[in-house]
Amino acid sequence: MFMERKQPFLESLAYPSKKEDYNDEEVMIRYVWEYCTHAMTDFEMQVNFCIHIRAKAEINENPNFAEKILEWKGLLRNAYIEEALKNGPKRFRQRVKDRLLRECPDQIFINRCPSCGRIVRTPKARLCLWCGYAWHHLVHPSEE
Ligand SMILES: [Zn+2]
């Protein structure tokens, strides 16, 4: 007999590894949360901290772990955080990504492949893992 598997808190943030699975919106969310946190507010970072702690608590299988850490940080049963996460971590991260693109595009550099237009792995990457194109011969936008 198998136990019914609970939906993991962070499963919705999975990253595609095959180019057939490329989804610009999903890759953009992940990229922004990895490389553009400098443009995020303290509150957005606090909510993100809660996401990580909750995800860790699931792996830890200790139901009190997340509560203790969040209580210690003063983030437990915070109505603003609960509101921010009411539609799940993915929706929250998507809203923050949208806000950054709308309100501070000058602080964000989305590195896209000059050949296929997909978002590449890091802001400094010059090799596209989606299509294989390399542009080491071109001047990087941050070096102009
Ligand atoms: Zn490419």
Is it true that K124 is among the basic types (K, R), free of Cβ contacts under 8 Å to residues at least 40 places away in the same chain, closer than 26 Å to K18 by Cα and not in a helix (DSSP H, G or I)? yes
Filter segment 55-87 for residues that are polar (S, T, N, Q) and modelled with pLDDT of 85 or more; which is nearest to the chain's Cα centre (by Cα)? N87
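A quick yes/no check of all residues on (1) at pLDDT 95 or above; (2) touching a helix residue (DSSP H, G or I) at 6+ places or on another chain (Cβ under 8 Å); (3) among the aromatic types (F, W, Y); (4) not assigned by TED's automatic domain parsing to the domain that holds Y31:
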position	(1), (2), (3), (4)
P89	no, yes, no, no
F92	yes, yes, yes, no
K97	yes, yes, no, no
R102	yes, no, no, no
G117	yes, no, no, yes
L129	no, no, no, yes
L138	no, no, no, yes
Can you tell me which residue is farthest from the ligand (Cβ to nearest atom) among those in segment 99-108 that are touching a residue at least 12 places away in the same chain (Cβ under 8 Å) and more than 16 Å from D24 (Cβ to Cβ)? C104
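The values are calculated or read from the model by the stated rules, or taken from the named source; none is laboratory data. The model shown is predicted, which means the values in this text are computed figures rather than measured ones. Neighbour counts are summed over all protein chains in view; Cβ atoms, including those assigned to glycine, are modelled from backbone coordinates with ideal geometry.
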